[in-house]
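Encoded as structure tokens, the structure appears first; notes follow it.
The values are calculated or read from the model by the stated rules, or taken from the named source; none is laboratory data. This one's a predicted model, so the numbers in the text were calculated from it and none came from an experiment. Neighbour counts run over all protein chains shown; Cβ positions are idealised from the backbone, glycine included. Side chains included, ligands, DNA and RNA excluded: accessible areas come from the protein's heavy atoms. Shrake-Rupley method; radii C 1.70, N 1.55, O 1.52, S 1.80 Å.
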Amino acid sequence: MKKQAYTFLIERHNLNRAAAIHCTSVSEAEDVRKFGITSPTITLPLGVNQPISLLNAKQKLHHLYEIPTEIPVVLFLSRLHPKKRPDLLMRSLGQLATQNHNFHLILAGSGEPDYIDELKNLTASLGLTSQTSFAGFVTGENKQLLLQGSDIFVLPSFSENFGIAVAEAMVVGLPVIVTPGVQIAQDIAEAKAGLVVEGEVDALANAIAQLLISSELRQQLGENGKSLTNNQYSWNAIAQNLASVYRDILNK
């Protein structure tokens, strides 16, 4: 209620006086309009850096988490929060486990202790304890080891205003599976850089199964993801576009 009052009395007025509103995706720009903002919008994504390639990342990752070398790794790298729906991912993998699909799930991210306990209890109830690792919050080389050493990246969020972790996965050639609530889902679908599916157990399970079965599809989507990030999400391209927008604003 405080936010609603503040928005009505102050913030909407401030935003409507802005020279422009910088949005990171087309969907975010649509949300600005739905919010009642009439200022011009510019849509430029967030950027990702090209990371240093780690030698033997897959072997190192499998060794670190004691995963047999032939088992594909499914990575969830984000905050552990109901909005991100790691529980949906786990239920989908539970369904695949009953169909004798091989995989190992790594959940990387921090969260409220009570929610993490819920996820661990869910893991046990689905019979996935031996196939799941909780990596906690990761950064730097440890984060890159997960991104470069995994086989599939999944983020089934209800809503992401951009989805920077998805872009970080694509830039290293990791195939991604996302839900429509991730705002760059449209870019991913158009570039055939990953799979975009509804946030339901069966749909997500089917998408993961496709990638578990086909290393060729994983490679194809991964290469397309690299191209997408290099063309649209590189900081050099974004900086040039943003400089042009700022010149237009200064020139009215």
Check: What does the accessible area per residue of the chain come to in Å², with a 1.4 Å probe and no ligands, DNA or RNA counted?
Finding: 53 Å²
Check: Taking the Cα centre of the range 84-143 as origin and charging only Cβ (+1 Lys, Arg; -1 Asp, Glu), how large is the dipole, in debye to the nearest 20?
Finding: 220 debye
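When only the heavy atoms of the protein chains count and the probe is 1.4 Å, how do Val74, Val245 rank by accessible area, highest first? Before the final figure, lay out the partial values.
On the way: Val74 0, Val245 30 Å².
Putting Val74, Val245 in descending order of accessible area: Val245, Val74.
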Check: Which entry in (1) 1.10; (2) 0.96; (3) 1.01 matches Cα Rg over 2.2 N^0.38 Å derived from the coordinates of this structure?
Finding: (1)
Note to self: Using a 1.4 Å probe on the protein heavy atoms, what percent of the accessible area of the range 130-176 belongs to carbon and sulfur?
What the structure shows: 48 percent
Checklist line | Spatial separation of Cα centroids for the range 1-65 and the range 128-206, in angstrom | finding: 17 Å
Notebook entry, point to check: Within the accessible area of the range 1-78, what % is carbon and sulfur when the probe is 1.4 Å and the other protein chains stay in place?
Noted result: 60 percent
Check: Counting only residues 5 or more places away or on other chains, whose amide H sits under 5 Å from the amide H of Leu128 once H atoms are built in the peptide plane?
Finding: none
Next item on the list: Report ³J(HN,Hα) in whole Hz for each residue of the range 229-239, in order, from the Karplus equation J = 6.51 cos²θ - 1.76 cosθ + 1.60 where θ = phi - 60°; Gly and Pro get x.
Entry: 5, 5, 7, 10, 10, 7, 5, 4, 5, 5, 4
Check: Does the range 35-118 come out rounded, prolate or oblate by the C-alpha gyration tensor, with a ≥ b ≥ c the root eigenvalues, rounded set by a/c under 1.5 and, if not, prolate when a/b is larger than b/c and oblate if not?
Finding: oblate
Next item on the list: Would you mind checking the radius of gyration and Dmax of the range 102-160 based on alpha-carbon positions, in Å?
Entry: 12.4, 33
Check: Over the Cα atoms of the range 56-190, Rg to Rh with Kirkwood Rh, two decimal places?
Finding: 0.94
Margin query: Given Cβ point charges of +1 (Lys, Arg) and -1 (Asp, Glu) and nothing else, what value in debye, to the nearest 20, does the dipole of the chain about its Cα centre take?
Written below: 760 debye
Checklist line | Amide hydrogen neighbours beyond the local backbone of Ser133, cut-off 5 Å, H modeled | finding: Leu105, Ile106, Leu107
Next item on the list: Could you list, in their original order, any pairs among Lys84/Lys192; Lys60/Lys143; Lys60/Lys120; Lys58/Lys226 whose Cα atoms are separated by more than 21 Å?
Entry: Lys84/Lys192; Lys60/Lys120
